[in-house]
Amino acid sequence: MTARPLFFAANWKMHLAPGEARTYLDRFLTMDAPRDGRTVAFFPPAVSLEAVATRLDGIPHYLVGAQDLHWEAKGAFTGATSVHLARGAGASAALVGHSERRHVFGETDAETNKKVRAALNGGLLVILCVGEQLAEREAGQTAAVVARQLRAGLAGVAPGADLIVAYEPVWAIGTGRNATPEDAGAVHQVIRSVLAEMGLPTDTRVLYGGSVNQGNVAQLLAVPGIDGVLVGGASLDPETWAGLCAATAGS
Ligand code: 13P
């Protein structure tokens, strides 16, 4: 089978301070080597961006990104990270609209869109996260919620944008419950049809996230529309993450 290009993204959330991140990468890099056709991306907390970027500098197919950004270029926004600050720390990508930003911090679709546009304008690869909550899934609203988040989040985005979409059902995040490959595949189809309707490329990479681990990653990657994974808990240990990144589509 020809290997499809795959994207493995580690969202460390609020874990791994700079020294811990360096120790992690020292260990990880003894177990994993860059591979053509595979990207491994790390999303550390903002304070650890520079430590990760410095350690990975010059190694192909690894990249580092911010977990969140503010859309303003600079100013009195205590605690926030601008595109300029993230880039200065070595980031070349950003997660935008993660469900924890939306549902823990109350970020709206309109704010998500401002972040997407600011990050793209600033030259970052954007991973826009979308996904329904459990009550929405149970009410049969999954497709409508995901379509709304995409239409709002990607408003004004040009077809050539450096963009990835991540489907992360909220009920599957950190719960040990993950969408079946069939369910995830069905939502990935919805995502591609909304991208087409918006004039955006239907071959935009679409990731799956939510309780991905070494035991289920291969099954998920075997689904044709799933181009990679966005992983929280199972990315926090370098051995586990290296094992997970060794998965190939259809293995
Ligand atoms: P878990 O892998 O811990 O479920 O987290 C998923 C996630 O939110 C990645 O962004």
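The values are calculated or read from the model by the stated rules, or taken from the named source; none is laboratory data. Computed from a predicted model, the values in this text were never measured in an experiment. Don't worry about glycine lacking a Cβ; one is built from the backbone with ideal geometry, like all the others, and counts go over all protein chains shown.
Structure values in brief
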| quantity | calculated |
| --- | --- |
| Filter result (of a type outside the set (Gly, Ala, Ser) and farther than 13 Å from residue 204 by Cβ) within region 147-170 | 148, 149, 151, 168, 169, 170 |
| Residues of region 149-179 classified as in a loop (DSSP other than H, G, I, E, B), within 16 Å of the ligand (Cβ to nearest atom) and either closer than 15 Å to residue 191 by Cα or out of contact with any strand residue (DSSP E or B) (no Cβ under 9 Å at 6 or more places or on another chain) (or both), total | 6 |
| Where residue 240 falls short, out of the listed (1) assigned to a helix (DSSP H, G or I); (2) at pLDDT 95 or above; (3) buried (at least 18 other Cβ atoms within 10 Å of the Cβ); (4) within 15 Å of the ligand (Cβ to nearest atom) | (3) |
| Boolean, residue 191 is part of a helix (DSSP H, G or I) and of a type outside the set (Ser, Thr, Tyr) | yes |
| Yes/no for residue 234 being within 18 Å of the chain's Cα centre (by Cα), within 21 Å of residue 95 (Cα to Cα), buried (at least 18 other Cβ atoms within 10 Å of the Cβ) and at pLDDT below 95 | no |
| Matching residues, region 156-174, being surrounded by fewer than 17 Cβ atoms within 10 Å (Cβ to Cβ) and under 18 Å from the mean Cα position of the chain (by Cα) | 162, 174 |
| Test result for residue 131, crowded, with 23+ Cβ neighbours inside 10 Å, on the phi > 0 side of the Ramachandran plot and either in contact (Cβ under 8 Å) with a residue 12 or more places away in the chain or among the hydroxyl-bearing types (Ser, Thr, Tyr) (or both) | yes |
| In region 1-32, the residues that are more than 18 Å from the chain's Cα centre (by Cα), polar (S, T, N, Q), under 20 Å from residue 247 (Cα atoms) and modelled with pLDDT of 95 or more | 30 |
| Subset tally (residues that are more than 16 Å from the ligand (Cβ to nearest atom) and of a type outside the set (Val, Ile, Thr)) for region 92-113 | 6 |
| Residue list for region 114-135, restricted to those being more than 15 Å from residue 184 (Cα to Cα) and either part of a helix (DSSP H, G or I) or within 13 Å of the ligand (Cβ to nearest atom) (or both) | 114, 115, 116, 117, 118, 119, 120, 121, 127, 128, 135 |
| Residues that are among the charged types (D, E, K, R) and either surrounded by 13 or more Cβ atoms within 10 Å (Cβ to Cβ) or in contact (Cβ under 8 Å) with a residue 40 or more places away in the chain (or both), drawn from region 14-49 | 20, 22, 27, 32, 35, 38 |
| Sole residue being in a helix (DSSP H, G or I) and under 19 Å from residue 40 (Cα atoms), chosen from 218, 196 | 218 |
| Yes/no for residue 168 being farther than 25 Å from residue 40 by Cα and of a type in the set (D, E, K, R) | no |
| So residue 54, is it surrounded by 13 or more Cβ atoms within 10 Å (Cβ to Cβ), among the β-branched types (Val, Ile, Thr), in contact (Cβ under 8 Å) with a residue 12 or more places away in the chain and out of contact with any Lys or Arg (no Cβ under 9 Å at 6 or more places or on another chain) | no |
| Some residue of region 67-77 being within 23 Å of residue 118 (Cα to Cα), crowded, with 22+ Cβ neighbours inside 10 Å and either within 16 Å of the ligand (Cβ to nearest atom) or at pLDDT 95 or above (or both) | yes |
